[in-house]
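J.: Dropping a structure here in structure tokens format, bear with me for questions.
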Amino acid sequence: MGHLDHAAFGWLTPVLSYVMACIGAALGLRCTVRALGASGRSRRNWLITAASAIGTGIWTMHFVAMLGFAVTGTDIRYNVLLTILSLLVAMVFVGAGVFAVGYGKDRTRSLLLGGLATGFGVAGMHYLGMAALRLHGQVHYDPVLVALSVVIAVVAATAALWAGLNIKSPIAVAVASLVMGAAVSSMHYTGMISVSVDVAPSGSVLPGATAMQFIFPLAVGLGSYLFITAAFVALSPTARERAEYASAEQLVPTS
């Protein structure tokens, strides 16, 4: 049985991954609020942005945390295609949940369906990302802790979507994002605690890419996307501000 280290770089990766989860949640919530105040193509675009922000934040959180994952007695590699697929799964399922809330007529039903879709997407992303692991040995999971991690993902996703529907002020969104980040991090580490590895030492070269060759550059790129999106959201006028601009223009006398 190999010794598992979930924080090989100390507090750096847990803290940084939590920050990324919070940023993704904050952006997603702000975009959802903007979407609910818009209509037509504008609503759709805001919901797409919300889904990409939340999905990117969750994926980046997972793999930044995985930078600190190490197993005594074996190197670790990642299957590139499965890793990319895990990102796509996160975005597609989060998108389904966000659109269910954004366009649903019955808010309670939409919230439950959206929470399930988003939660299963988060859990699917996590375990697809774990399936991408390549190491010398066999990975095993505690089914009880796996089930608990899925429940945490669904509850966290439902709470985040509820916040998007009911929380409007920037301060409230910030607080909700901190809570959502903690919930996503809890889901991740609950899933990781369920892992055990039977190491089979070998001199053969593992297939796949190392974390620094692939995961780190991709995480940096997606993190940059989150910060650029944050700037875009901050600079974009709200529906209320656009209405005020239009009213002000109508009051300006023409020569």
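J.: Calculate the radius of gyration of the Cα atoms of the chain to one decimal place, then report Dmax, the largest Cα-Cα distance, as a whole number, both in Å.
T.: Just the Cα atoms of the chain yield Rg and Dmax of 20.2, 84 Å.
J.: In sequence order, what are the phi-derived ³J(HN,Hα) couplings for the range 179-192 according to the Karplus relation 6.51 cos²θ - 1.76 cosθ + 1.60 with θ = phi - 60°, rounded to whole Hz, with x for glycine and proline?
T.: 3J(HN,Hα) across the range 179-192, in whole Hz: 5, 4, x, 5, 5, 5, 5, 4, 4, 4, 6, 5, x, 6.
J.: How large is Rg over Rh for the range 64-145, taking Rg from the Cα atoms and Rh as the Kirkwood inverse mean of 1/r across Cα pairs?
T.: Working: Rg = 16.2 Å, Rh = 14.4 Å.
Across the range 64-145, the Cα-based Rg/Rh ratio is 1.12.
J.: For the range 1-147, take N as its residue count and report Rg(C-alpha) divided by 2.2 N^0.38 Å. Numbers along the way, then the final one.
T.: On the way: Rg = 17.2 Å, N = 147, 2.2 N^0.38 = 14.7 Å.
Normalised Cα radius of gyration, the range 1-147: 1.18.
J.: Defining a contact as two alpha carbons under 8 Å apart and six or more residues distant in sequence, what relative contact order in percent does the chain show?
T.: In percent, rounded to a whole number, it is 28.
J.: When the expected Rg is taken as 2.2 N^0.38 Å, what fraction or multiple of it is the alpha-carbon Rg of the range 1-43? All intermediate terms of the calculation are to be shown ahead of the outcome.
T.: On the way: Rg = 17.9 Å, N = 43, 2.2 N^0.38 = 9.2 Å.
Against the compact-globule rule of thumb, the ratio is 1.95.
J.: State the Kirkwood hydrodynamic radius of the range 104-242 in Å, one decimal place, computed from all pairs of distinct Cα atoms. Numbers along the way, then the final one.
T.: Numbers: mean 1/r = 0.0559 Å⁻¹.
Kirkwood hydrodynamic radius for the range 104-242: 17.9 Å.
J.: Give or take rounding to whole Å, what are the principal axis extents of the alpha carbon atoms in the range 1-74, in descending order?
T.: Sorted from largest, the Cα extents of the range 1-74 read 56, 19, 13 Å.
J.: Over the range 35-92, what relative contact order in percent results from Cα pairs under 8 Å that are six or more residues apart?
T.: The normalised contact order for the range 35-92 reaches 42 percent.
J.: Next question. Nearest-5 percent of antiparallel DSSP beta bridges in the chain? Don't jump to the answer; show the numbers that get you there.
T.: Working: 12 of 12 bridges.
Roughly 100 percent of the DSSP beta bridges within the chain come out antiparallel.
J.: Suppose accessible area is computed on protein heavy atoms with a 1.4 Å probe; arrange Val19, Val71, Val144 from highest to lowest. Don't skip to the answer; put the middle values down first.
T.: On the way: Val19 60, Val71 10, Val144 105 Å².
The ordering from most to least exposed comes out as Val144, Val19, Val71.
J.: Then there is this: Just to confirm, what accessible area per residue do you get for the range 111-204 at 1.4 Å probe, in whole Å²? Numbers along the way, then the final one.
T.: Working: 3970 Å² over 94 residues.
With the other protein chains kept in place, the range 111-204 gives 42 Å² per residue.
The values are calculated or read from the model by the stated rules, or taken from the named source; none is laboratory data. This structure is a prediction, so every number in the text was calculated from the model and none was measured. Please note that ligands, DNA and RNA were not included when accessible areas were found on the heavy atoms of the full protein model with its side chains. Shrake-Rupley method; radii C 1.70, N 1.55, O 1.52, S 1.80 Å.
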